[in-house]
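The values are calculated or read from the model by the stated rules, or taken from the named source; none is laboratory data. None of these values were measured; they are calculated from a predicted model. Neighbour counts run over all protein chains shown; Cβ positions are idealised from the backbone, glycine included. Ligands, DNA and RNA are stripped out before the accessible areas are found, and what is left, the full protein with its side chains, is counted by its heavy atoms. Shrake-Rupley method; radii C 1.70, N 1.55, O 1.52, S 1.80 Å.
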Amino acid sequence: MMKLYPGGQSGLNGFFMMYLTKWKRVAVVLLFIWIVVTYLVISPLRCDSNTDETADFQERLKAVSQQFESLKQQHSNLIAQIKKSSGLNVNLNDIETSAFLHNGGGPSEEYENLRRRVYSNTKEIWYFVNHELTKLIHDDVQSEKLQAILDQVADRKRSLLSDQQKLSELDGYHEWRRTEAANVSDLVQRRLKYLQNPPDCRDARKVICNLNKGCGFGCQLHHIVYCLIFAYATERTLILNSKGWRYNNKGWEYVFHPISDSCTTAYDDKVIQWPASYDAKVVSLPFIDSISQKPKFLPLAIPSDLAHRIVRFNGDPPSWWIGQMLKYILKPKTGMQKAINDTISKMDFRNPIVGVHIRRTDKVGTEAAFHHIDEYMLQVKDYYDQLELTQVVDKRRVYLATDDANVLEDARNKYPQYAFLGDASIAKTAATHRRYTPLSLTGLLVDLHLLARTDFLVCTFSSQVGRVAYEMMQANRADAADSFYSLDDIYYFGGQNAHDRRAVMAHAPRAAHEIAVQVGDLIGIAGNHWNGFGRGTNKRTNVNGLVPWYKTADHLVLYSFPEYKHVPQYPDTRQNNL
């Protein structure tokens, strides 16, 4: 059995005293935020505002206060959950280390969900306060006082989030999460290897994936991911046809290791276009955008046999699952890996560092809106301001990846207090007229590799590259669910099945554009507006509109994927004892 607290009984006493002190601090900070916001918003109004303005402010304050009250209740629930699971209601001297090890040695799903919900809803309160007060500043209503309030709330928000992030390090499960994430990832990779290397290729059932989709590298990666998930769900070996690939005419295998070591052809077997019967030996897949009879195992579904393990170490299981597909697929050959390593060695790439991906050129005005460098750097500043609450930062480093060569120089000129890492030559090869070349592919792989290694990613999820970088981050660590900020979309997988959230609190509309929800309602989500509200359709009433995001939680879709009984849970007996 792994020892969580090698310091023995005195270590346990010290841990609990520190833990209780930490929670007192969190509670005091939360209460202080509520008191300060209440005082600072009401105080100036009593003296300086007319009746209409006062009523407007008080209405907004009432909404903010309600969210704070909800957050306070969630904190109370989390404290109670910790006490219950940890045995704080008994004499500390009677507690043994084994009392903390339940459900295989890790935290309960309820604890993990509640911990993440408190963190997420703290951010949602900030989105709401920031949006509402910024609107008033733009109206030039006591703008200086409002900006002062906003700055103070932002400081306290960072302090609260910093304290909450420490919970996962202080709750005694930090190392367990890392170990469990590595174990589950290893299991998925071994299952994929087993699937892709059948004992007899000629007799194996197969699925054909043609890499001829007319889109960029991120889009094509996701096409292969979709094919591999299909193969995994139907227990078929994936055959990737890539001759004439737009990034290298010689094919995928010229740049990356083949996704199968022993089975790369369908021989002369008849190929049936999907949709096909289960008995069909070889099936060819269309693009996910045009697939009919869309299977339920497509993203954002995850395997039900792994779900209860994944949710205990990761806050965004669908992206983690997709990241595992990428981990299996993206294995550069020696020549490509050397080119990547040579480029990286020329950079002063060290942590802490924030990754910024700015997509311009053909995306802007068609698939995505233009976002100024200031919007990205606002999030970079916020990250470092919060980080410096707990550690000394010698230099604020930013790895900047873009397809616009001018952005890097502009950023360095405008923000001299930051150290920008990046390669303008990579940006030049990413230009539209040079994009589909081996040199461009090398640069793109460098960008993806380094973005995934940063501590925090600022990007636009309307970009496939931005989403791939995040998925790779999820594959690189136990949990990257709170390690990004998207300036536009929430996370999604192109061609996915419905993304639903479930109402965990009832909501009665306060404005014409809001919708009513009851606890348990499924809401088909169109997006988060980053102002405390998201847009969606209540599937019970079929009414579309806005709903407070903090009153909902992601609805995780589980699918009974094959469990691959022939692949052992652990590669050897040592890990089975962790």
Original post:
Quick one: how many residues across the range 186-211 are in contact with a Gly (Cβ under 9 Å, 6 or more places away or on another chain) and among the hydroxyl-bearing types (Ser, Thr, Tyr)?
Top reply: 0
Subject >> Pairs, first on the phi > 0 side of the Ramachandran plot and open to solvent by less than 80 Å² (accessible area, probe 1.4 Å) in the range 552-578, second modelled with pLDDT of 95 or more and among the charged types (D, E, K, R), C-beta under 8 Å, six or more apart >> reply: Tyr564/Arg191
Original post:
Would it be correct to say that Ala148 is of a type outside the set (Val, Ile, Thr), open to solvent by 10 Å² or more (accessible area, probe 1.4 Å) and either under 30 Å from Gln569 (Cβ atoms) or touching a strand residue (DSSP E or B) at 6+ places or on another chain (Cβ under 7 Å) (or both)?
Top reply: no
**OP:** Only one of these is modelled with pLDDT of 95 or more, open to solvent by 20 Å² or more (accessible area, probe 1.4 Å) and not hydrophobic (A, V, I, L, M, F, W, C): Arg191, Arg205. Name it.
**Re:** Arg205
Original post:
Counting only residues that are among the polar types (S, T, N, Q) and open to solvent by less than 10 Å² (accessible area, probe 1.4 Å), which one in the range 463-490 is modelled with the lowest pLDDT?
Top reply: Ser463
Original post:
Hey, Val255 hits all of (1) under 30 Å from Asn121 (Cβ atoms); (2) open to solvent by less than 20 Å² (accessible area, probe 1.4 Å) but one; which does it fall short on?
Top reply: (1)
Original post:
Any chance the range 176-184 includes a residue that's polar (S, T, N, Q) and more than 30 Å from Gly443 (Cβ to Cβ)?
Top reply: yes
Original post:
Residue check, Phe493 against (1) crowded, with 20+ Cβ neighbours inside 10 Å; (2) modelled with pLDDT under 95; (3) under 30 Å from Leu546 (Cβ atoms); (4) of a type in the set (A, V, I, L, M, F, W, C), all met but one. Which one?
Top reply: (2)
Original post:
So which residues in the range 405-415 are more than 18 Å from Phe349 (Cα to Cα), touching a residue at least 12 places away in the same chain (Cβ under 8 Å) and not charged (D, E, K, R)?
Top reply: Ala405, Val407, Tyr415
Original post:
Checking Asp200 against (1) in contact (Cβ under 8 Å) with a residue 40 or more places away in the chain; (2) open to solvent by 10 Å² or more (accessible area, probe 1.4 Å), which test does it fail?
Top reply: (1)
**OP:** Give the residue that is nearest to the chain's Cα centre (by Cα), with candidates limited to residues of the range 317-358 that are farther than 28 Å from Asn248 by Cα and either open to solvent by 30 Å² or more (accessible area, probe 1.4 Å) or basic (Lys, Arg) (or both).
**Re:** Asn351
**OP:** Any chance you could count how many residues in the range 263-280 are open to solvent by less than 70 Å² (accessible area, probe 1.4 Å), under 15 Å from Asp203 (Cβ atoms) and of a type outside the set (A, V, I, L, M)?
**Re:** 3
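Matching residues to (1) in contact with a Lys or Arg (Cβ under 9 Å, 6 or more places away or on another chain); (2) in contact (Cβ under 8 Å) with a residue 24 or more places away in the chain; (3) surrounded by fewer than 15 Cβ atoms within 10 Å (Cβ to Cβ); (4) over 22 Å from Asn476 (Cα atoms):
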residue: Gly106; (1), (2), (3), (4): yes, yes, no, no
residue: Tyr111; (1), (2), (3), (4): yes, yes, no, yes
residue: Ile125; (1), (2), (3), (4): yes, yes, no, yes
residue: Glu144; (1), (2), (3), (4): no, no, yes, yes
residue: Val153; (1), (2), (3), (4): no, yes, no, yes
residue: Ser168; (1), (2), (3), (4): yes, yes, no, no
residue: Arg178; (1), (2), (3), (4): yes, yes, yes, no
residue: Ala181; (1), (2), (3), (4): yes, yes, no, no
**OP:** Among the helices (runs of 4 or more DSSP H) lying completely within the range 228-347, list those that include at least 1 residues that are closer than 30 Å to Arg116 by Cβ.
**Re:** 304-310, 317-329
**OP:** Count, please, the residues in the range 155-166 that happen to be acidic (Asp, Glu) and open to solvent by 60 Å² or more (accessible area, probe 1.4 Å).
**Re:** 1
Original post:
What is the one condition in (1) free of Cβ contacts under 8 Å to residues at least 12 places away in the same chain; (2) under 26 Å from Ser483 (Cβ atoms) that Thr402 does not satisfy?
Top reply: (1)
